[in-house]
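Here the structure is laid out as structure tokens; the discussion comes afterwards.
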Amino acid sequence: MLQLVVLISGTGSNLRALLEASEDAEFPARVVAIGADREADGLALGEEFGIPTFTVPFTAYPDREAWGDVLVEQVRHWQPDLVVLSGLMRLVPKAVVDAFSPFLINTHPAHLPEFPGPHGVRDALAAGVTETGASLIVVDDSVDGGPIIAQERVPVLPGDTESTLHERIKPVERRLLIQAVLDIANSHLDLKELSRR
Ligand code: GAR
């Protein structure tokens, strides 16, 4: 059984999809803890699904490195096989990458390498593209530039707002994430091998 720690900043709708998938006894992964960098709404899912939560508030530390060191400590406590950044809206410092990558993956609401960074949906809309997408990547030292595990195109429709477009992208992210977790658990996807290419 693959043990997951999921890190969030927001509502955690992608996390909810993982938690719901794990309710199936056949699903080969379990979320063992949920972590956040702030009082994220998604932490309530811990109570709903009976999963422990922890918060390492970014603003409580003098810098990103100090925050990252505590985050590593907290995540390590759960001895995860895989750490999922599911809407964690922070760049993680090198210590986090060194501790967990390539078993550190991130969902992103754009077709990377297009529109990296914190505003993937907004940037795609501003660029006037007719298609954007969803990506799942291995986190490395770059900003959303790590090896691509899976990605899919999503159309931008006339009249789309950041919110309508994001809501169309998220179900695709969820599908990619759940399939990747399945593939990793069943040894059909080797993150080490992917990161060596
Ligand atoms: C997701 O679309 C995720 O890909 C994105 O935040 C959203 C979180 O939604 N992450 C990033 O943009 C990271 N750069 P959720 O809290 O409802 O799962």
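The values are calculated or read from the model by the stated rules, or taken from the named source; none is laboratory data. Bear in mind that the values here come from a model prediction, so they are computed numbers and not experimental data. Note that we place each Cβ from the backbone using ideal geometry, even for glycine, and neighbour counts take in every protein chain shown. The area values use the complete protein model at the heavy-atom level, side chains included, leaving out ligands, DNA and RNA. Shrake-Rupley method; radii C 1.70, N 1.55, O 1.52, S 1.80 Å.
Of all the options His166, His108, His77, the one that moves most in a Gaussian network model of the chain with Cα springs shorter than 10 angstrom is His77. Fully extending the segment from Met1 to Glu152, taken as 0.36 nm per residue of separation minus the present Cα-Cα distance, adds 51.6 nm. Considering only beta bridges that DSSP places wholly inside the chain, some 40 percent are antiparallel.
Taking Cα atoms only, the orientation of helix 162-185 departs from the longest principal axis of the chain by about 50 degrees. Close amide-amide hydrogen proximity is noted between Phe54 and Ile34, Gly35, Ala36, each under 5 Å apart and 5 or more residues distant or on a separate chain (H modeled in the peptide plane; Pro and chain starts excluded). Carbon-plus-sulfur fraction of the accessible area of the chain, 1.4 Å probe, in percent? Answer for the chain: carbon and sulfur cover 51 percent of the accessible area. Summary value for region 124-197: 29 percent relative contact order, contacts being C-alpha pairs under 8 angstrom separated by 6+ residues. Surface calculation, 1.4 Å probe, protein heavy atoms: Arg64 sits at approximately 80 Å² accessible. With respect to the chain, whose longest principal axis is taken over its alpha-carbon atoms, helix 64-76 is tilted by about 60°.
When only Cα pairs below 8 angstrom with a gap of at least 6 residues are kept, the chain shows a relative contact order of 19 percent. For region 1-145, the solvent-accessible area of protein heavy atoms averages 45 Å² per residue (probe radius 1.4 Å; ligands and nucleic acids excluded). In the frame of its principal axes, region 45-197 has Cα extents of 47, 38, 35 Å, reported largest first. In this calculation the C-beta distance from Glu162 to Thr130 is compared with R0 = 22 Å, giving a FRET efficiency of 0.85. Comparing mean-square fluctuations of Asn186, Asn106, Asn14 from a GNM of the chain with C-alpha springs under 10 Å, the top value falls on Asn186. The long axis of helix 13-22 is offset from the longest Cα principal axis of the chain by roughly 60 degrees.
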